[in-house]
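Student: Quick one: structure below, then a few questions.
The values are calculated or read from the model by the stated rules, or taken from the named source; none is laboratory data. None of these values were measured; they are calculated from a predicted model. Reconstructed Cβ throughout: ideal geometry from the backbone, glycine too, with neighbour counts over all protein chains shown. Protein only, heavy atoms only, side chains kept; ligands, DNA and RNA dropped before computing areas. Shrake-Rupley method; radii C 1.70, N 1.55, O 1.52, S 1.80 Å.
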Amino acid sequence: MSLGGWLWRPVWGLREVGLGDVMLAGLLSLIVIGLASGVLKAGYPHGGAVAAAGALAMTLPVAWQRRAPVVAAAAVAVAAAQNGLIFGPMVRCGAALPAVFAIAFFTGTRCTGRRLAAGTMLCLGAVTAQAFFDPVLGPGFLAAGLPIVAGFCLAVRLARSRSLTAAQLRQRNAELHAQREQTARLAVTADRARVAADLDGFLRDRITAMAQAAAAGRKLMASDPAAARGAFAAVETSGRATLSQMRDVVGTLREQAPTAPQPVLAELGGLLERASTADARLSVEGSPRALPAGVELSGYRIVEHLLAALDDAPDARIDVRVRFGPGALELRVAGPPGRQPDPAAAFAAARERAALLGGTMRIQTSSGRCDALVRLPLAAGHA
């Protein structure tokens, strides 16, 4: 697991409460305890253990900043005002101010409209309270602090909006591309149906004419051998012309057949870029090598089916791991489950693909993530 995936791993089974959030809240809490209790010397009055306990309310909400950023902003704003009114001026900004900025960041990335406005105002309120009750900051800090926090929220929101718009454009382009391909396939199918109908009528007429000529020649064999030979020659000529035209038609159909090569495992990187707008990452382990065409194609299709069963959202994280083992190819696809009504169809298609090669597929769901492991056995010559 990468460092980013480890930091955002859900804690206590709570979705969007990551280990990184809890660790940051814990670190800031230790700092604010040291400042408020006097363990960390700041050169200003401190309030002892009781003030340190009260100051925790200004840092602990960072733990759920991704899950509920507006609630976290409200908590730190209220806590900043209460700590100032109850315990008086005291240095807490070393931990409390970074907590506000962290919450402001997720307010900008997770909220829109009224929730964004409310979260921004609450963050501004927290900074205002800290400025009035923190001797290091002072009211003069508001001239720079308030524009910085407001601009931070709005800039993050703008960047997030552009990212979402880009993801939507990629998805629409993919849909248009699929629609164009579907239209082209339907046109080819319709053309082939027309050619088949024309060929059926042509063959029916030619064979009927050949049968009639052959019947007439048979009747004339005894009474007029020359006329019989002419009838049989007409049958031969008609048969050769029919065969020539059939060859032309079959050749045309072959030229219209798909000529693109079958996908292989080496093209999985391109598949992740096209098939999903999520943050999909590919890792390869073992000794990569060329495998039988059936295994390469089935492995590619299995990953394609599993991606269709997972969440296709820009903020979703999908991990794809390909492991070339000594006797088997392992494919592991993990990510948040999809929001489509029936992801079971995609899982069933992947399982069927694996079963055709004598492979297995195991699916586990925990902590808001779905983990699918596919194992495809390799023949002795490719192990």
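Student: List the pairs whose first member sits in the range 278-293 and is under 17 Å from Leu307 (Cα atoms) and of a type outside the set (Val, Ile, Thr), whose second member is open to solvent by 70 Å² or more (accessible area, probe 1.4 Å) and at pLDDT below 90, and whose Cβ atoms are under 9 Å apart, counting only residues at least 6 apart or on separate chains?
Tutor: Once the first residue is under 17 Å from Leu307 (Cα atoms) and of a type outside the set (Val, Ile, Thr) and sits in the range 278-293, its partners that are open to solvent by 70 Å² or more (accessible area, probe 1.4 Å) and at pLDDT below 90 give Ala278/Asp315; Asp279/Asp315; Ala280/Glu273.
Student: Restricting the search to the range 264-296, which residues are part of a loop (DSSP other than H, G, I, E, B), small (Gly, Ala, Ser) and farther than 23 Å from Ala166 by Cα?
Tutor: If the condition is that a residue be part of a loop (DSSP other than H, G, I, E, B), small (Gly, Ala, Ser) and farther than 23 Å from Ala166 by Cα, then Ser287, Ala290 are the ones that fit.
Student: Another one. Scan the range 150-162 for residues that are small (Gly, Ala, Ser) and either over 16 Å from Thr107 (Cα atoms) or exposed (fewer than 14 other Cβ atoms within 10 Å of the Cβ) (or both) and jot them down.
Tutor: Within the range 150-162, Gly151, Ala155, Ala159, Ser161 qualify.
Student: Moving to a separate point now. If we keep just the residues of the range 335-383 that are assigned to a strand (DSSP E or B) and within 12 Å of Ala308 (Cα to Cα), which is modelled with the lowest pLDDT?
Tutor: In this case the residue turns out to be Pro337.
Student: Gly299: assigned to a helix (DSSP H, G or I) and touching a residue at least 24 places away in the same chain (Cβ under 8 Å), yes or no?
Tutor: In short, yes.
Student: Quick check on this structure: which one of Pro225, Pro147 is open to solvent by 60 Å² or more (accessible area, probe 1.4 Å), more than 30 Å from the chain's Cα centre (by Cα), at pLDDT 75 or above and closer than 30 Å to Pro98 by Cβ?
Tutor: When all the criteria are applied, what remains is Pro147.
The rows are residues; the columns are (1) within 19 Å of the chain's Cα centre (by Cα); (2) polar (S, T, N, Q); (3) surrounded by fewer than 20 Cβ atoms within 10 Å (Cβ to Cβ).
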site: Ala266; (1), (2), (3): yes, no, yes
site: Leu271; (1), (2), (3): yes, no, yes
site: Leu282; (1), (2), (3): yes, no, yes
site: Arg289; (1), (2), (3): no, no, yes
site: Arg301; (1), (2), (3): yes, no, yes
site: Ala309; (1), (2), (3): yes, no, no
site: Ala316; (1), (2), (3): yes, no, yes
site: Pro326; (1), (2), (3): no, no, yes
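Student: Can you name the residue in the range 111-124 that is hydrophobic (A, V, I, L, M, F, W, C) and farther than 20 Å from Ala81 by Cβ and, of all such residues, is most open to solvent (accessible area, probe 1.4 Å)?
Tutor: Leu116
Student: Determine whether the range 101-110 contains at least one residue that is in contact (Cβ under 8 Å) with a residue 60 or more places away in the chain, open to solvent by 10 Å² or more (accessible area, probe 1.4 Å), among the aliphatic types (A, V, I, L, M) and part of a helix (DSSP H, G or I).
Tutor: Yes, the range 101-110 contains a residue that is in contact (Cβ under 8 Å) with a residue 60 or more places away in the chain, open to solvent by 10 Å² or more (accessible area, probe 1.4 Å), among the aliphatic types (A, V, I, L, M) and part of a helix (DSSP H, G or I).
Student: Let me ask something else about it. If a residue has to be in contact with a strand residue (DSSP E or B) (Cβ under 7 Å, 6 or more places away or on another chain), surrounded by 19 or more Cβ atoms within 10 Å (Cβ to Cβ) and modelled with pLDDT of 85 or more to count, how many in the range 7-59 make the cut?
Tutor: Residues meeting the conditions: 0.
Student: How many residues are buried (at least 21 other Cβ atoms within 10 Å of the Cβ) and more than 12 Å from Cys123 (Cβ to Cβ) if we restrict to the range 65-81?
Tutor: Qualifying residue count for the region: 2.
For every residue, the table says whether it meets (1) assigned to a helix (DSSP H, G or I); (2) closer than 19 Å to Pro135 by Cα; (3) of a type in the set (Asp, Glu).
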{"site": "Gly43", "(1), (2), (3)": "no, yes, no"}
{"site": "Ala49", "(1), (2), (3)": "yes, no, no"}
{"site": "Ala52", "(1), (2), (3)": "yes, yes, no"}
{"site": "Ala75", "(1), (2), (3)": "yes, no, no"}
{"site": "Ala80", "(1), (2), (3)": "yes, yes, no"}
{"site": "Asn83", "(1), (2), (3)": "yes, yes, no"}
